[in-house]
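See structure below.
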Amino acid sequence: MWQSLRAAALLALVITGGCVTVAGYPERPAKLKAELESLDQYFVKDIQHAPLPDGKTPKAWRDEVMDNRIRAHDLLFGEFKRLAFEQHVVGSVGVDWALLALSGVGVVSPSQSTKTVLAAMSGGLVGAKASIDKHVLYEKTLSALFAEMEAQRTTQLAAIRNNQLKGVNEYSLSRGLGDVEKYFQAGSIPSAIDGIVVKAGASQERAMVDVRQLERASTEEVVSITAIRAKFNELYRAATTLDPSDDAQKRKTEALKAARDAAEKLGLTIEATAKDEDLFKRLNEEIRKAMDNREQLAKLQDAFNIR
């Protein structure tokens with residue numbers, strides 16, 4: 001899987017090498033390829049079942065593997081972002097899918113073979129140029145899309161750091177790798193479009209506050225606020241979906257009802273005619289209060305049915 005991700009980044013560099021664009025980023029140092037190759041050792045198959053290296057505790061090894069995979073994903077995301085902006089800065093609506101493969105390749109199951117992953121990638125290249133709907137690029141804009149990706153990545157990183165406070169019996173390497181995969185997928189175009197309604201900047205600021213609170217909060221409090229935030233995000237995404245299918249609309253109705261029930265338990269007055277965005281903004285404000293208010297944390301646990 002890792003070999004395919006690195007191949008996608010390098011393939012994108014080769015394919016886009018002949019495109020004439022206005023550079024919006026400084027040139028990436030030539031050592032990028034070497035650094036990615038140095039991280040190969042952390043992407044070997046079934047690494048979670050490999051013998052523990054000499055001198056490493058299970059927790060130290062778990063964190064080392066996770067941290068180095070996160071580093072690799074950060075390098076790939078940075079390159080994806082640089083190339084995407086350079087393609088868009090000249091005014092072209094079409095964005096080469098070789099670039100977007102960096103965000104989409106993560107949907108392929110890690111259990112699948114490299115051959116299968118490469119076959120899936122090649123399907124996105126055969127068409128040469130595939131144009132993203134201009135309404136997405138013009139109405140949402142690349143800046144907004146990447147701001148939302150950054151916000152979602154920061155939120156997921158905060159969850160990872162919270163879980164790394166636990167021992168390996170409670171938070172295994174296998175679970176950690178699953179969370180790192182979610183971190184990778186948070187930096188994708190579909191994930192960004194799904195999450196853009198509440199301003200991305202506020203979302204990122206909120207996530208950074210969560211990270212800064214780790215040193216002052218107890219492990220139990222960190223776990224609780226993370227669970228509350230995860231439930232809020234789940235309801236928000238379901239309530240703001242653009243999917244017209246019956247199942248998606250049913251989940252949307254259920255999510256809005258659950259959000260209103262939570263607001264009622266918190267004693268908030270939400271008018272029946274209030275916009276959905278306003279409802280979630282009020283709930284978000286209540287969650288932020290919990291960072292310095294232990295009683296508020298207990299109320300939120302009850303409101304969101306977190307046990």
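Here TYR236, TYR171 are placed in order of increasing Cβ neighbour count within 10 Å, fewest first, which gives TYR171, TYR236. When each of SER38, SER224 is scored by the number of other beta-carbon atoms lying within 10 Å, the sequence from fewest to most is SER38, SER224.
As a proxy for reagent exposure, ILE47, ILE160 were ordered by neighbouring Cβ count within 10 angstrom, fewest first; the result is ILE47, ILE160. Compared with the direct C-alpha span, the chain from LYS182 to LEU32 gains 51.7 nm at full extension, assuming 0.36 nm per residue.
Label-to-label distance for ALA50 and GLU277 is 4.7 nm, based on points extended 7 Å past Cα in the beta-carbon direction. For the pair SER172 and ILE270 in one chain, pulling the backbone fully straight at 0.36 nm per residue adds 31.1 nm over the alpha carbon distance.
In terms of its Cα atoms, the range 218-307 spans 42, 26, 17 Å along the principal axes, sorted from long to short.
No lab work stands behind these numbers, since they all come straight from the coordinates. Small disclaimer: the values here were computed from a predicted structure and weren't measured. Glycine also receives a Cβ, built like all others from the backbone with ideal geometry; neighbour counts cover every protein chain displayed.
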